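Visitor: Once you've had a glance at the structure underneath, I'll fire off some questions.
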Amino acid sequence: MVEDSIAMDFTVVGEGARLRRVIADRFNVIPTNAAIGFDPERDRAQYHRDPSGIVVLPRGGRGSVRHMAPA
């Protein structure tokens, strides 16, 4: 489920992954069954979460989000 989110090109969202209010830059791989944007404290600890609640995943991933090498 991808709700109110943007996934840039070359981003792969795994089966069963849930994203809410997420901006995922290029070359991210969101793992199967991941949940991002649902737990503010966890999101803040792993990613950039702005005061409005939007979670930003930088290019190439960070934390539990794996990344793909650019082509």
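Coordinate-derived values only; no laboratory data. Not measured: the values here are computed from a predicted model. Please note: Cβ atoms are built from the backbone with ideal geometry, for glycine as well, and neighbour counts cover all protein chains shown.
Visitor: Considering only DSSP beta bridges whose two residues both sit in region 2-61, what percent are antiparallel, to the nearest 5?
Guide: Looking only at bridges with both residues in region 2-61, the antiparallel portion is about 15 percent.
Visitor: Hey, got a sec? Which GluC sites (Glu not before Pro) in region 3-56 land in a DSSP loop and have at most 11 other Cβ atoms within 10 Å?
Guide: 15
Visitor: To continue, here is another question. Would you please give the residues with an amide H less than 5 Å from that of residue 35, counting only those at least 5 places away or on a separate chain, with H modeled from the backbone geometry?
Guide: HN-HN under 5 Å from residue 35: 18.
Visitor: Additional query: With 10 angstrom as the radius, rank 43, 25, 50, 9 by how many other C-beta atoms surround their C-beta, starting from the fewest.
Guide: Fewest-to-most ranking of 43, 25, 50, 9: 9, 50, 25, 43.
Visitor: Tally Lys and Arg at +1 and Asp and Glu at -1 over the other residues with C-beta under 14 Å from the C-beta of residue 19: what net charge comes out?
Guide: With Lys, Arg at +1 and Asp, Glu at -1, the net is -1.
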